[in-house]
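Inspection log for the structure reproduced underneath, given as structure tokens.
The values are calculated or read from the model by the stated rules, or taken from the named source; none is laboratory data. Predicted, not measured: the structure shown is a model, and the values here were computed from it. Note that we place each Cβ from the backbone using ideal geometry, even for glycine, and neighbour counts take in every protein chain shown. Just so you know, the surface numbers come from the protein's heavy atoms only, side chains and all, with ligands and any DNA or RNA stripped out. Shrake-Rupley method; radii C 1.70, N 1.55, O 1.52, S 1.80 Å.
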Amino acid sequence: MRESHLITGATLPNGERADILVQNGLIAKVGTVTDAAGATVVDGDGLIALPGLVDLHTHLREPGYEQSETVLTGTQAAAAGGFTAVFAMANTFPVADTAGVVEQEASLGRAAGYATVQPIGAVTVGLKGAELAELGAMARSRANVRVFSDDGFCVSDPLLMRRALEYVKAFDGVIAQHAQEPRLTEGAQMNEGALSGELGLTGWPAVAEESIIARDVLLAEHVGSRLHVCHVSTAGSVEVIRWAKARGIDVTAEVTPHHLLLTEDLVAGYDPRFKVNPPLRRTEDVQALRAALADGTIDIVATDHAPHPVEAKESEWDAAANGMVGLESALAVVHAAVVETGLMGWADVARVLSEAPARIGRLRGHGGALVAGSPAELTLYDPSAASAFDLDRLAGRSTNSPYLGRTLPGAVVATFHSGYPTYLDGVLRPADEVAQRAAEAREDAHG
Amino acid sequence: MRHLLSTRDLERPEAIGLLDVAEDMAAVQEREVKKLPTLRGKTVVNLFFEDSTRTRISFEAAAKRLSADVINFSAKGSSVSKGESLKDTAQTLQAMGADGVVIRHHASGAPQTLATSGWIDAGVVNAGDGTHEHPTQALLDAFTLRRRLHGRASRGRGLDGTRVVIVGDILHSRVARSNVWLLTTLGAEVELVGPPTLMPVDTSAWPARIGYDLDAALDEVPDAVMMLRIQAERMHAAYFPNSREYARIWGLDDARFDRLPPTTMVMHPGPMNRGLEIAARAADSPQSTVREQVANGVSVRMAALYLLLSGERGES
Amino acid sequence: MAVRIVLQQADLDRALTRIAHEILESNRGADGLVLLGIPTRGVVLAERLAAIVGRIAATEIPSGALDVTMYRDDLGRNPVRAPQPTAVPEGGIDGKTVVLVDDVLYSGRTIRAAFDALADLGRARAVRLAVLVDRGHREFPIRADFVGKNLPSSARERINVRLAEIDGDDAVTIDGRDD
Ligand SMILES: [Zn+2]
């Protein structure tokens, strides 16, 4: 008999208050629970209970870049951010372009036990954009890959993109495109506009993103395939996707938390913490992205969690790496950007951070509603714990967060994965305990 | 003044004050004893990540004439290009006790990063960063303009009503940026002329007119025409078809030069591509300020070093 | 805080006239005299003295300005000072008798810096010092040759020299700081 937990008086996404009993890896009961002898009680008063968050866009860095992050530390960051599943991007070393690499990642995730690690496969061999990777082998592997992406690079060759879109239909796959026209962004450093001209930084024009999205939705329409657009960052991209959806094209799109909150003005001090791909854009873009998320044009929020070692950010702007860590701060940032502003409610947050990403990624066991009988993947969030985001809130190996020192409106209190806590009372559970619980949960499932 | 990073954040009185100090420095340059004891015991490091012999020599002369100790740190071809970071270099300079760092860097914003990172206590002078700013060049240009226009009565004056046309590769020019902010702060009117491919996409917030027609700009008889250097590599990136066409449309050739009255100054930050952006006759004419610009460069840089390093530390 | 007037316009005129006579006496005439004032008020005083000396000797006495800012030994202890122009009269200082003119002589640091500044301009035959007020508290072995008024003061007091060309009227005042 595994430890059970009783969460008392939490607020469900629909606003109702309920007790939640977590038992044997499942949500045993939701409502008023009176018969929970032996359960560890978690006071849920004032907390929002959400289905465990699912991130469709995480860079775990292992294998190859373990100085930035490992599967263990990356999933610890996920747990601290309320995530119970992460899709691991393929730009590792070696690149996740074979069944062997994706199976290794998935098993490292299982062993660590902090979250489900669902590998993403590369679209092209070595992310080189020249020939297709073994998409079918990855799909049929034990890692069960359904999402393919060269993220970090754009599949810019239109013919290759067409073939990839067509090919993955055979196993209900989706191509997640990093939309960045390479020629238009040679040497690009920040959003192209008035500020880039003033700061003397090579511009990263919105059209470099929008033109690829426009091409790709037309390709997806032509071959009748499913397309997912990574980290949409401009108002123009939103318009293209809105048009495509209205036309019935099977396209989904994501926005990152940072593109919902931060603007290019932060670049003015040349602080590389704010250097990211795609770049921070204008206030108008942020407004358009929020509206698009609220009206469903953009389907999900995905973190693009991109850890880098300290030295990669302690440099002049040009030499600094692109990217920000985002798992630990994602929910509070979404809270600030679209909940506090009245654009969305908690049920919408559950949709864009859990249900929709699980659906787009074809990930079973995640993203379901908090009802009796469903897998116990859930998150407790305190929406009134406004505080300055500091290093203590970061649980991964890297600290390149753009929010350090910034006040965020709430904090994750607890995360339950496969029925056991990975994060409790604002503290990460120890690695050996979590690995042990994960092993027990697997035995239960097989026994 | 704690650092000199850009002309964007120079207030008018501050800018005029600096030009006035440069007048004092220029007066010293006319004496037999050209050296002042002012910065005795201070150490100035010339930290050059990009080759520029003229700028380095100008700063070196300025620091030496103020009796500072000068250390030249050419980062090109040293351990820096082999992966040693700006941070490591800065910490080395800090350990050496640098009071002032004059930095030339290929990355826009590197001087600001150096000044604000906390790696170093020294005052930082931007000697040109990427395609961002080159404040001492703009200050020497303003100084040159003011001296030509007002002579001995220059002190305390701005450049009110002075009309300056800057011609060429505005997009990549740190000289153009620093001049736009500084000259307009001093009251001048600035027009930028060049091919549309070499203009920033959005200059709506710039206090300058934008034009593509050099002849039209010259028809308005500006007080000064500043020709910018065209880098050879721009030709290979489709900014314009070839040098012949560039010279014909945006070069200060003999015909255009002949149309200018003798009162219009011809400026160039150097080094010049004679026959490309500027014809030899214009460059060598009495209207040309090119040689004065070099001499004035030392005075302006002495003024900047004086204002940065002579007072008590930690004051802003 | 009490403000006391020490010299009024007439006193000031008399003091300058006396100094002018003393300069001529010690120089045995007006030959080779150059008056250099130390900015800001020393420059005005040098101009006035040159005019008076010139009137008495019936000749033109050259006067100019000698800024010492960049020669000071206390630059690093204070906020940045803006230098003032140096103006050496035509003919320079080589072989001349230079009379340095300042409003108040105090620690002597300004005059020490003036010696260095002067040396960089040439080689004077002799250097003299004229001040309107000597308030004591010397930190260097420096003494004025010509003094308008000796004014023993405490370090807490402030001596204020007002000159019509700059301040609208002539006066020397002393602020007693009893705080
Ligand atoms: Zn990406």
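A few points about this structure:
- Candidate lysines for bridging to residue B:34, where Cα separation is under 16 Å - those fewer than 8 sequence places away on the same chain excluded: B:64
- In region A:157-200, the residues that give up 30 Å² or more of accessible area when the other protein chains are added, compared with the chain on its own (1.4 Å probe), are A:192, A:194, A:197, A:198, A:200.
- By DSSP, the beta bridges lying fully in chain A are antiparallel in about 50 percent of cases.
- Calculated accessible area for region A:53-360 comes out at 30 Å² per residue, all protein chains present (probe 1.4 Å; ligands, DNA, RNA ignored).
- Percent accessible area from carbon and sulfur atoms, the protein assembly as shown, protein chains only, probe 1.4 Å: 49 percent
- Reach of residue B:87 by Cα under 16 Å, taken over lysines that are not fewer than 8 positions away in the same chain: A:313, B:76
- Using all pairs of distinct alpha-carbon atoms, the Kirkwood hydrodynamic radius of region A:367-412 works out to 12.8 angstrom.
- Selection of trypsin sites (Lys or Arg not before Pro), region A:323-400, meeting DSSP coil and at most 14 other Cβ within 10 Å: A:364
- Inter-part distance where region A:368-425 and region A:103-132 are each reduced to a Cα centre, Å: 24 Å
- Beta bridges by DSSP in region C:83-179, antiparallel share as percent, to the nearest 5: 30 percent
- Karplus-derived 3J(HN,Hα) values for region C:127-142, using 6.51 cos²θ - 1.76 cosθ + 1.60 with θ = phi - 60°, are 10, 10, 10, 10, 10, 6, 10, 10, 9, x, 6, 5, 10, 9, x, 10 Hz; glycine and proline are entered as x.
- If you sort the three axes of the alpha carbon gyration tensor as a ≥ b ≥ c, you get a/c of 1.5 or more for region A:329-447 and a/b no higher than b/c, which makes it oblate.
- Angle between chain A longest axis and helix A:99-112 axis [Cα atoms, degrees, rounded to 10]: 40 degrees
- Bridge type composition, the protein assembly as shown - antiparallel percent by DSSP, nearest 5: 35 percent
- Around the amide H of residue A:191, modelled in the peptide plane, lie the amide H atoms of A:204, A:280, all under 5 Å away and 5 or more residues distant in sequence or on another chain.
- On a per residue basis, region B:135-289 carries 39 Å² of accessible surface, using protein heavy atoms and a 1.4 Å probe.
- Ranking of A:245, A:128 by solvent-accessible surface, largest first: A:128, A:245 (1.4 Å probe, protein heavy atoms only, all chains present).
- Amide proton proximity set for residue A:232, modelled H, under 5 Å, gap of 5+: A:254, A:255, A:256
- Only helical runs count toward this figure. For the protein assembly as shown, summing -39,500 (n - 2.57) over DSSP H runs of n ≥ 4 and dividing by all residues gives -9500 deg cm²/dmol at 222 nm.
- Region A:1-90 - convex hull of the alpha-carbon atoms, volume per residue in Å³: 121 Å³
- Peptide A:309-317 is shielded by partner chain Cβ atoms: per residue, an average of 5 of them sit within 10 Å of its Cβ.
- Here the Karplus curve 6.51 cos²θ - 1.76 cosθ + 1.60, taken at θ = phi - 60°, turns the phi angles of region A:22-34 into couplings of 10, 8, 6, x, 10, 7, 7, 7, 10, x, 9, 9, 10 Hz, with x standing for Gly and Pro.
- Karplus 3J(HN,Hα) series, Hz, for region A:419-434 with 6.51 cos²θ - 1.76 cosθ + 1.60 (x for Gly, Pro): x, 10, x, 9, 8, 8, 6, x, 10, 5, 6, x, 4, 5, 5, 5
- Within-10-Å neighbourhood charge of residue B:155 [Cβ basis; K, R +1; D, E -1]: 0
- Accessible area per residue was computed with a 1.4 Å probe on protein heavy atoms; residue C:40 scores about 70 Å².
- Multiplying the residue separation of residue C:58 and residue C:149 by 0.36 nm and removing their Cα-Cα distance gives an extension gain of 30.1 nm.
- Residues whose amide H falls under 5 Å from that of residue B:131, counting only those 5 or more places apart or on a different chain, are B:108, with hydrogens built in the peptide plane.
- Ranked by the mean number of other Cβ atoms within 10 Å of their residues, highest first, the peptides A:179-192, B:282-295, B:134-147, B:17-30 fall in the order B:134-147, B:17-30, A:179-192, B:282-295.
- Chymotrypsin sites (Phe, Trp or Tyr not before Pro) within region A:363-428: DSSP coil, no more than 12 neighbouring Cβ in 10 Å: none
- Set the Cα radius of gyration of the protein assembly as shown against 2.2 N^0.38 Å, with N its number of residues, and you get 1.23.
- Area buried, chain A against chain B - accessible surface, total, 1.4 angstrom probe, square angstrom: 1400 Å²
- Rounded, prolate or oblate (a/c below 1.5 giving rounded, otherwise prolate when a/b exceeds b/c) for region B:96-208 by Cα gyration tensor: oblate
- More than 41 angstrom apart: percent of Cα pairs within chain A: 11 percent
- The C-B contact accounts for roughly 1400 square angstrom of buried accessible surface, both chains included, probe 1.4 angstrom.
- Separation of alpha-carbon centers, region B:194-208 and region A:270-315, rounded to whole Å: 27 Å
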